[in-house]
Amino acid sequence: MAFDPPYAAPRQGRVFFERRELERLLSLYGRMVAAGEWRDYAMDGLSDAAVFSVFRRSSEQPLYRIEKRPALARRQGAWAIIGEGGMILRRGHELEQVLRFFDKGRFKVVE
């Protein structure tokens, strides 16, 4: 007789974020919430991608989707930021490089 664990067993063949990637994404999320830019997030582990979606309001379409697609790692890069309309805003091989997209608005010109 097989023993069923009391917890849900992880699904095979799913892509998800590694711990340090998730820590970096949640750090960015916290910074953007503190700035009043974002209000909610969602994470999905799909068969071909891991997706971190951020929302301005929870009832809307995602403002941005940060995707990890390992199948594209050797070509265009595994990481991408996709905007509201589905346009790829940034793509790259390293998460830090791609997340610099959100740093451009951090500094303001002061007279």
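The values are calculated or read from the model by the stated rules, or taken from the named source; none is laboratory data. Just so we're clear, the structure is a prediction, and the values are computed from it rather than from any experiment. Using ideal geometry, Cβ is built from the backbone for each residue, glycine included, and neighbour counts are taken over all protein chains shown.
Only residues that are hydrophobic (A, V, I, L, M, F, W, C) and outside any helix (DSSP H, G or I): list them for the stretch 61-90, please. It would help to see each step written out before you state the result.
Taking the stretch 61-90 as the starting set, the residues that turn out to be hydrophobic (A, V, I, L, M, F, W, C) are 63, 66, 71-73, 78-82, 87-89.
Once the filter is applied, which keeps residues that are hydrophobic (A, V, I, L, M, F, W, C) and outside any helix (DSSP H, G or I), the stretch 61-90 yields LEU63, ILE66, ALA73, ALA78, TRP79, ALA80, ILE81, ILE82, MET87, ILE88, LEU89.
What tally of residues in the stretch 47-58 results from selecting those that are over 21 Å from GLU23 (Cβ atoms) and touching an Asp or Glu at 6+ places or on another chain (Cβ under 9 Å)? Working first, answer last.
Taking the stretch 47-58 as the starting set, the residues that turn out to be over 21 Å from GLU23 (Cβ atoms) are 47-48, 56-58.
The next check asks that each one be touching an Asp or Glu at 6+ places or on another chain (Cβ under 9 Å); those that pass are 56-58.
Result for the stretch 47-58: 3.
Taking interchain pairs and intrachain pairs at least six residues apart, which have beta carbon atoms under 6 angstrom, with the first residue in the stretch 37-66 and in contact (Cβ under 8 Å) with a residue 40 or more places away in the chain and the second acidic (Asp, Glu) and part of a loop (DSSP other than H, G, I, E, B)?
none
Can you pull out the residues in the stretch 8-59 that are of a type in the set (Lys, Arg), in contact with a strand residue (DSSP E or B) (Cβ under 9 Å, 6 or more places away or on another chain) and modelled with pLDDT of 90 or more? First the steps, then the outcome.
Going through the stretch 8-59, the residues of a type in the set (Lys, Arg) turn out to be 11, 14, 19-20, 24, 31, 39, 56-57.
Next, from what is left, pick out any that are in contact with a strand residue (DSSP E or B) (Cβ under 9 Å, 6 or more places away or on another chain): 11, 14, 39, 56-57.
Within the stretch 8-59, just ARG39 meets the criteria.
Let's see how each residue does on (1) touching a Gly at 6+ places or on another chain (Cβ under 6 Å); (2) over 19 Å from PHE101 (Cβ atoms); (3) aliphatic (A, V, I, L, M):
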site	(1), (2), (3)
GLU18	no, yes, no
GLU21	no, no, no
ASP44	no, yes, no
VAL54	no, no, yes
GLU67	no, no, no
ALA78	no, no, yes
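Go through the stretch 67-79 and report how many residues are touching a residue at least 40 places away in the same chain (Cβ under 8 Å) and basic (Lys, Arg).
Taking the stretch 67-79 as the starting set, the residues that turn out to be touching a residue at least 40 places away in the same chain (Cβ under 8 Å) are 68-70.
This time we only want the ones that are basic (Lys, Arg), so: 68-69.
Selection size over the stretch 67-79: 2.
Say whether the condition of being more than 21 Å from LEU26 (Cβ to Cβ), more than 12 Å from the chain's Cα centre (by Cα) and outside any strand (DSSP E or B) is met by at least one residue in the stretch 51-60. Walk me through how you get there before you give the answer.
Kept after step one, since they are more than 21 Å from LEU26 (Cβ to Cβ), are these residues of the stretch 51-60: 59.
Those still in the list that are more than 12 Å from the chain's Cα centre (by Cα) too: 59.
If we keep only those that are outside any strand (DSSP E or B) too, we end up with 59.
Yes; the residues of the stretch 51-60 include at least one that is more than 21 Å from LEU26 (Cβ to Cβ), more than 12 Å from the chain's Cα centre (by Cα) and outside any strand (DSSP E or B).
Applying the selection to the stretch 82-98, what residues are in contact with a Gly (Cβ under 9 Å, 6 or more places away or on another chain) and within 16 Å of GLU21 (Cα to Cα)? Give the steps one after another, and end with the answer.
At the first step, the residues of the stretch 82-98 found to be in contact with a Gly (Cβ under 9 Å, 6 or more places away or on another chain) are 89, 91-94, 97-98.
Of everything in the stretch 82-98, those that are in contact with a Gly (Cβ under 9 Å, 6 or more places away or on another chain) and within 16 Å of GLU21 (Cα to Cα) turn out to be ARG91, GLY92, HIS93, GLU94, GLN97, VAL98.
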